[in-house]
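Enquirer: This is the structure, below, for whatever I ask next.
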Amino acid sequence: MYHEPALLQETIEGLSIKPDGTYVDVTFGGGGHSGAILSRLGKQGKLFAFDQDEDALVNCPEDKRFTFVRSNFRYLSNFLRYHGVAKVDGILADLGVSSHHLDEAERGFSFRFDGQLDMRMNKQSELTAAKILNNYEEEDLADLFFLYGELRNARRIAKTIVTARREKAFERISDFVEVLKPFFGKEKQKQDMARVFQALRIEVNHEMDALKALLKQSVEVLNPGGRLAIISYHSLEDRMVKNFIRSGNIEGKLEKDFFGRVSTALKAVNNKVITPRAEEVEANPRSRSAKLRIAEKV
Ligand SMILES: C[S@@+](CC[C@H](N)C(=O)[O-])C[C@H]1O[C@@H](n2cnc3c(N)ncnc32)[C@H](O)[C@@H]1O
C-alpha cells in the first residue's frame, strides 16, 4: 500500500466540508485524505491536490472535480491563482514523508535498507543527504542533528561524520549506519537512528521553510470561516503550527493593537491537540506521533 492515512476521520470532521466548497490537500501522497474529501463534495465542489513527488501521480483519481499540482506547497497561492482560484474553504496538510518513501529502498529515507543517501521528496531538487554529509561544516551538521533530530550527542555525531568523510565520502546508507552505530546503545539504536534520518530528511527537503510559507499563505487564501487542518509528526513542526494559530506568527509573539487587543486571523477549533486513538496506532503504528490541529479563518 502506498500510504495509510493518519487521523482520517478526525481530519475530515475538522475540515467541516461544504459540498460546493473548494478545498486543497497540499500533501496528496496516496490520496487517502483526498478521497475522503471528494466523497463529501457535491458536483460543484473542487479539490486541488499538491505533491512535490511525481510518484504520487499514480494515485490521482479520474474525477472532474480534482486537479493535481506537482509542486511544493510553498507555492500554494501562486498555483491557486494560476488555476483561477482566489479563495478556498479548507486546506489540509499531512506533513512529512509517506510510507511509499520509507518502503522504497532507492529513495534512501530508511536505514532498514541499503540505498543511496538521497532522501529527496522532489527527485528534481539538488540537495541530497549525501551532499549534506559530505559538505556541511561540522557546526552546521551538529545544529541540524540537535534541532531536527533532538539528539543530545549531536556535536559528537557531527565530529565523527567529518572525521569519517576525510577517509571516504559517504554514498550509501550502510556506510553511514556503520559509522554511527557506536553512538547508540542496543536498546535505543533504532529510535536514535530514526532521529538522525529524520533530521537529514527535514534538511534535505527544507521542510521547516515550506511549512512557514504554507502557514503564511493559508491566511491569505482561506475564506472567512474556512478551515486549516495540519497533521504534524515532529515537535518543532507542531510548535510552529500551534504558535501560528495562536498569534499569527511562528514565534508565538502576541501582537497587540493600539487598544491592547490581540487580533489574529485564525481561531483554534481544538484547543487540545488531537492524537490517534489506541486502535489506530495498533492498526497503523506509523500514525503514533501524529498531531492534528484545526483552525478557522476569522
Ligand atoms: C504523510 S504523506 C501524505 C499522505 C496522504 N495524506 C494520504 O492520505 O496518503 C506526505 C506527502 O506530502 C508530500 N509532501 C511533503 N512535503 C511537501 C511539500 N512541501 N510540498 C508538496 N508535497 C509535499 C510528500 O511527497 C508525501 O507524498
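The values are calculated or read from the model by the stated rules, or taken from the named source; none is laboratory data. Quick caveat: nothing in here was measured; it's all calculated off a predicted structure. Note: ideal-geometry Cβ built from the backbone for every residue, glycine included; neighbour counts use all protein chains shown.
Enquirer: For the structure I just gave you, tell me whether ALA210 is aliphatic (A, V, I, L, M) and surrounded by fewer than 16 Cβ atoms within 10 Å (Cβ to Cβ).
Expert: Taking the combined requirement at face value, the residue does not satisfy it.
Enquirer: Going by what's in this entry, would PHE73 be described as within 12 Å of the ligand (Cβ to nearest atom) and buried (at least 22 other Cβ atoms within 10 Å of the Cβ)?
Expert: When the stated conditions are applied, PHE73 passes them.
Enquirer: If you don't mind, there's one more thing I want to ask. Please indicate, with yes or no, whether at least one residue in segment 165-179 is within 21 Å of ASP143 (Cβ to Cβ), within 16 Å of the ligand (Cβ to nearest atom) and either out of contact with any helix residue (DSSP H, G or I) (no Cβ under 8 Å at 6 or more places or on another chain) or in the same structural domain as ALA93 (by TED's automatic domain parsing) (or both).
Expert: No, segment 165-179 contains no residue that is within 21 Å of ASP143 (Cβ to Cβ), within 16 Å of the ligand (Cβ to nearest atom) and either out of contact with any helix residue (DSSP H, G or I) (no Cβ under 8 Å at 6 or more places or on another chain) or in the same structural domain as ALA93 (by TED's automatic domain parsing) (or both).
Enquirer: Counting only residues that are surrounded by 21 or more Cβ atoms within 10 Å (Cβ to Cβ) and among the small types (Gly, Ala, Ser), which one in segment 76-109 is nearest to SER218 (Cα to Cα)?
Expert: Residues of segment 76-109 surrounded by 21 or more Cβ atoms within 10 Å (Cβ to Cβ): 76, 80, 88-98, 101, 107-109.
Of the ones still in play, those that are also among the small types (Gly, Ala, Ser) are 90, 93, 96, 98, 108.
Working: GLY90: 9, ALA93: 11, GLY96: 18, SER98: 22, GLY108: 31 Å.
Across segment 76-109, the extreme among qualifying residues is GLY90.
Enquirer: Would you pick out the residues in segment 1-24 that are charged (D, E, K, R) and under 16 Å from GLU296 (Cα atoms)?
Expert: Across segment 1-24, the qualifying residues are GLU10, GLU13, LYS18.
Enquirer: Restricted to segment 83-132, and to residues that are among the basic types (Lys, Arg) and without any contact (Cβ under 8 Å) to a residue 24 or more places away in the chain, which residue is nearest to the ligand (Cβ to nearest atom)?
Expert: Taking the candidates together, the pick is ARG107.
Enquirer: Within segment 148-174, how many residues turn out to be at pLDDT 95 or above and closer than 24 Å to ARG107 by Cα?
Expert: Start the filter on segment 148-174 by keeping residues that are at pLDDT 95 or above, which leaves 148-149, 154-174.
Cutting the leftovers down to closer than 24 Å to ARG107 by Cα gives us 148-149, 157-158, 161-162, 164-165, 168-174.
Final tally of qualifying residues: 15.
Enquirer: Restricting attention to segment 2-37, which residues are more than 12 Å from the ligand (Cβ to nearest atom) and without any contact (Cβ under 8 Å) to a residue 60 or more places away in the chain?
Expert: Applying the first criterion (more than 12 Å from the ligand (Cβ to nearest atom)) to segment 2-37 yields 9-10, 13-23.
Matches in segment 2-37: GLN9, GLU13, PRO19, ASP20.
Enquirer: Of the residues in segment 48-64, how many are away from the ligand (no atom under 14 Å from the Cβ) and either within 24 Å of GLU207 (Cα to Cα) or buried (at least 17 other Cβ atoms within 10 Å of the Cβ) (or both)?
Expert: Looking only at that region, the number is 0.
Enquirer: So, PHE197, is that one more than 21 Å from the chain's Cα centre (by Cα) and more than 22 Å from ASP25 (Cα to Cα) or not?
Expert: So PHE197 does not fit the description; no.
Enquirer: Within the bounds of segment 21-30, is there any residue that is of a type in the set (S, T, N, Q) and surrounded by fewer than 17 Cβ atoms within 10 Å (Cβ to Cβ)? Don't jump to the end; show me each part of the working.
Expert: Our first condition is that a residue be of a type in the set (S, T, N, Q); within segment 21-30, this holds for 22, 27.
Pick out the ones that are also surrounded by fewer than 17 Cβ atoms within 10 Å (Cβ to Cβ) and you get none.
No, every residue in segment 21-30 fails to be of a type in the set (S, T, N, Q) and surrounded by fewer than 17 Cβ atoms within 10 Å (Cβ to Cβ).
Enquirer: Please count how many residues of segment 200-241 are at positive phi and within 11 Å of the chain's Cα centre (by Cα). I'd like the intermediate steps shown before the answer.
Expert: Going residue by residue through segment 200-241, those that are at positive phi are 206, 225.
Narrowing further to those that are within 11 Å of the chain's Cα centre (by Cα): 206.
Residues that pass the stated criteria total 1.
Enquirer: Same structure, new question: Quick one: what pairs do we get from segment 210-224, first residue more than 12 Å from ILE91 (Cβ to Cβ), second of a type in the set (Lys, Arg) and part of a strand (DSSP E or B), C-beta under 6 Å, 6+ apart or different chains?
Expert: So the pair list comes out as PRO224/LYS297.
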